[in-house]
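Enquirer: Before we start, here is the structure in question, set down as structure tokens.
The values are calculated or read from the model by the stated rules, or taken from the named source; none is laboratory data. This is a predicted model, so every value here is computed, not measured. Virtual Cβ from ideal backbone geometry, glycine too; neighbours counted across all protein chains shown.
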Amino acid sequence: MTAYEIIRKKRDGGKLTQNEIRCFVEGLTDGSIPDYQVSAFAMAVYFCGMDDDETAALTDAMAHSGEMLDLSRFGDKSVDKHSTGGVGDKTSLIVLPLAASCGAIIPKMSGRGLGMTGGTVDKLESIPGYKTSLDPQEFLSLAEQHGMALIGQTGNLAPADKKLYALRDVTATVDSIPLIVSSIMSKKLATGSHSIVLDVKFGSGAFMKTLEDARLLAEKMVTIGKKCGRNMAALITDMDTPLGHAVGNSLEVNEAVSVLKNQGPDDLTSLCVQLASVMVSLSMSLDAGESTRLVSQALVSGKALAKFREWIASQGGDTAFIDRPEALGISAVRHKVCAVRDGYISHIKTDSIGMTSVLLGAGRKKKTDSIDPTAGITFLKSIGDKVAEGQPIAILHTSSDSVIRQAEDLLCSSVLISPQPPEKAPVIREIIR
Ligand code: URA
């Protein structure tokens with residue numbers, strides 16, 4: 001079948017065979033299918049959808065379009081975690097050492113941040129000396145020695161997805177469930193872990209805005225991962241408020257340490273314990289109760305903090321910040337933002353907080369922008385806290401005085417203060433296995 005015939009079949013609502021999908025993905029990867037036909041294919045899928053067989057075939061074909069990491073040396077113990085992205089999401093920095101200190105093996109590749117959501121690689125690059133780029137052999141041998149290693153994604157991972165995503169981005173075809181599922185899962189399959197735990201976020205600071213959409217995406221990713229031979233679980237979690245108190249790279253690294261010292265915010269700590277315990281349960285075939293007990297013990301005993309120290313040092317990072325947070329640097333400008341009225345903090349518009357952090361220098365508007373590792377926001381108050389007019393609620397960190405006024409206005413309009421305390425919603429809404 002030609003590319004034309006494949007596009008026409010999908011346009012007319014037909015079910016594509018595994019072979020047709022594989023040929024199309026090969027053609028888009030080697031460039032023999034031009035961009036206009038790939039874009040037309042994406043639009044046909046956008047309107048006509050794909051069933052689970054087709055989505056699994058597309059996922060598998062895109063995963064095999066480039067390098068596939070071989071993790072067979074770890075048997076069934078390798079486990080990966082993926083977050084659909086959010087504001088102040090530093091969970092990987094906490095969850096990986098928590099799970100690795102209990103025996104899970106986590107060779108993880110992460111991405112950089114773009115727009116309102118941050119990336120784990122950017123956060124790690126705020127640690128002096130930490131190497132986010134290692135050759136595959138060194139990466140795997142560190143994972144073998146320490147139970148975990150974390151680097152940036154290599155260039156040749158699922159190249160078909162890179163091409164397809166770039167075209168979806170400019171043809172209004174990003175928000176299609178089979179295309180999102182195959183995009184995310186192809187990269188996860190290529191990085192090779194036997195088990196995958198997904199943190200699917202919903203709310204104003206997330207890619208999926210509603211719980212229903214997040215559930216649909218999570219269920220599909222779990223189904224497709226299983227069809228492709230992986231052990232899967234997904235947590236559906238609230239990103240309608242920022243996670244923890246810190247937004248910004250070095251600020252989030254320091255907050256991660258405070259969680260590992262068991263002194264962190266409750267929302268972040270409980271999410272990390274739950275994510276780590278699902279990872280441990282899949283990696284080590286333990287029941288939920290036993291894995292939660294192990295993970296909680298690792299947190300309280302300091303074992304997870306010791307694993308964090310070991311991991312950062314193993315990848316060349318200077319661990320001084322673990323005992324002295326200021327070792328990661330302090331922003332030149334720090335500015336307190338105060339409550340504009342008396343009341344209770346009832347809502348924080350997470351997307352606007354993400355935009356505020358970009359304005360302060362903590363994120364990128366476009367891929368080529370550089371970031372300021374010490375920039376960001378520290379919240380002094382959380383949802384439900386009582387505040388008085390003029391009381392500080394947050395600190396802005398930046399290197400440039402000139403953005404303070406705009407950032408303060410944006411932050412003030414993002415924090416809603418009501419006369420009545422709000423109802424508190426749990427961070428974790430559902431677990432899908
Ligand atoms: N993230 C991805 O990697 N791919 C998508 O399609 C959407 C979000």
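Enquirer: Based on this model, can you work out whether Glu219 counts as assigned to a helix (DSSP H, G or I), away from the ligand (no atom under 14 Å from the Cβ) and surrounded by fewer than 21 Cβ atoms within 10 Å (Cβ to Cβ)? Even if it seems obvious, please write down each step before you answer.
Expert: Working: assigned to a helix (DSSP H, G or I): yes; away from the ligand (no atom under 14 Å from the Cβ): yes; surrounded by fewer than 21 Cβ atoms within 10 Å (Cβ to Cβ): yes.
Yes.
Enquirer: Let me ask something else. Report yes if Ala327 is touching a helix residue (DSSP H, G or I) at 6+ places or on another chain (Cβ under 6 Å) and surrounded by 21 or more Cβ atoms within 10 Å (Cβ to Cβ), otherwise no.
Expert: Numbers: touching a helix residue (DSSP H, G or I) at 6+ places or on another chain (Cβ under 6 Å): yes; surrounded by 21 or more Cβ atoms within 10 Å (Cβ to Cβ): no.
Criteria not met by Ala327.
Enquirer: Any idea which of (1) in contact with a Ser or Thr (Cβ under 9 Å, 6 or more places away or on another chain); (2) assigned to a strand (DSSP E or B); (3) not charged (D, E, K, R) is the one Ser382 doesn't satisfy?
Expert: Here Ser382 clears every test but (2).
Enquirer: Could you please find all residues in the range 162-175 being more than 8 Å from the ligand (Cβ to nearest atom) and outside any helix (DSSP H, G or I)?
Expert: From the range 162-175, those more than 8 Å from the ligand (Cβ to nearest atom) are 162-164, 166-167, 169-173, 175; that's our starting set.
Once the filter is applied, which keeps residues that are more than 8 Å from the ligand (Cβ to nearest atom) and outside any helix (DSSP H, G or I), the range 162-175 yields Thr171, Ala172, Thr173, Asp175.
So that you can scan it fast, the table gives a plain yes or no per residue for (1) polar (S, T, N, Q); (2) touching a residue at least 40 places away in the same chain (Cβ under 8 Å); (3) assigned to a loop (DSSP other than H, G, I, E, B):
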site	(1), (2), (3)
Glu5	no, no, no
Glu26	no, no, no
Met43	no, yes, no
Met50	no, yes, yes
Asp70	no, yes, yes
Arg73	no, yes, no
Asp76	no, yes, yes
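Enquirer: I've got another one for you. All but one of (1) surrounded by fewer than 24 Cβ atoms within 10 Å (Cβ to Cβ); (2) within 14 Å of the ligand (Cβ to nearest atom); (3) not acidic (Asp, Glu) hold for Tyr130, so report the exception by its number.
Expert: That leaves (2) as the condition not met.
Enquirer: Next question, about the same structure. Report yes if Ile312 is within 30 Å of Gly390 (Cβ to Cβ) and modelled with pLDDT of 95 or more, otherwise no.
Expert: Working: within 30 Å of Gly390 (Cβ to Cβ): no; modelled with pLDDT of 95 or more: yes.
In short, no.
Enquirer: When you go through Gly86, Gly115, Gly111 one by one, which is the residue that is touching a Gly at 6+ places or on another chain (Cβ under 9 Å) and surrounded by 18 or more Cβ atoms within 10 Å (Cβ to Cβ)? Lay out the reasoning, then the answer.
Expert: Values: Gly115 fails: surrounded by 18 or more Cβ atoms within 10 Å (Cβ to Cβ); Gly111 fails: surrounded by 18 or more Cβ atoms within 10 Å (Cβ to Cβ).
Result: Gly86 is the single residue among Gly86, Gly115, Gly111 that is touching a Gly at 6+ places or on another chain (Cβ under 9 Å) and surrounded by 18 or more Cβ atoms within 10 Å (Cβ to Cβ).
Enquirer: Testing Leu58 on (1) more than 30 Å from Leu124 (Cβ to Cβ); (2) away from the ligand (no atom under 16 Å from the Cβ); (3) crowded, with 22+ Cβ neighbours inside 10 Å, one condition comes back false. Which one is that?
Expert: Here Leu58 meets the rest and fails (2).
Enquirer: Further, regarding this structure: Looking only at the range 416-433, which residues are within 24 Å of the chain's Cα centre (by Cα), outside any loop (DSSP other than H, G, I, E, B) and of a type in the set (A, V, I, L, M)?
Expert: The initial filter retains those residues of the range 416-433 that are within 24 Å of the chain's Cα centre (by Cα), namely 424-433.
Restricting the remaining residues to those that are outside any loop (DSSP other than H, G, I, E, B) gives 428-432.
Ile428, Ile431, Ile432 - these are the residues of the range 416-433 that are within 24 Å of the chain's Cα centre (by Cα), outside any loop (DSSP other than H, G, I, E, B) and of a type in the set (A, V, I, L, M).
Enquirer: Take Asp323 and tell me if it is modelled with pLDDT of 95 or more and charged (D, E, K, R).
Expert: Against the criterion (modelled with pLDDT of 95 or more and charged (D, E, K, R)), Asp323 qualifies.
Enquirer: Any residue in the range 295-315 that's over 19 Å from Leu271 (Cα atoms): show its pairings with residues that are at pLDDT 95 or above and of a type in the set (Lys, Arg) at Cβ separation under 9 Å, as long as the two are six or more apart or on different chains.
Expert: Gln315/Lys131
Enquirer: Filter the range 22-52 down to residues that are over 28 Å from the mean Cα position of the chain (by Cα) and of a type in the set (A, V, I, L, M) and give me whichever is nearest to Asp175 (Cα to Cα).
Expert: That would be Ala44.
Enquirer: A follow-up question, please. When you go through Pro159, Pro136 one by one, which is the residue that is away from the ligand (no atom under 11 Å from the Cβ), closer than 30 Å to Leu328 by Cβ and not aromatic (Phe, Trp, Tyr)? Reasoning before the result, please.
Expert: On the way: Pro159 fails: closer than 30 Å to Leu328 by Cβ.
The unique qualifying residue is Pro136.
Enquirer: Which of the residues spanning the range 176-216 are in a loop (DSSP other than H, G, I, E, B), more than 11 Å from the ligand (Cβ to nearest atom) and either closer than 19 Å to Glu54 by Cβ or not polar (S, T, N, Q) (or both)?
Expert: Gly192, His194, Gly203, Gly205, Lys209
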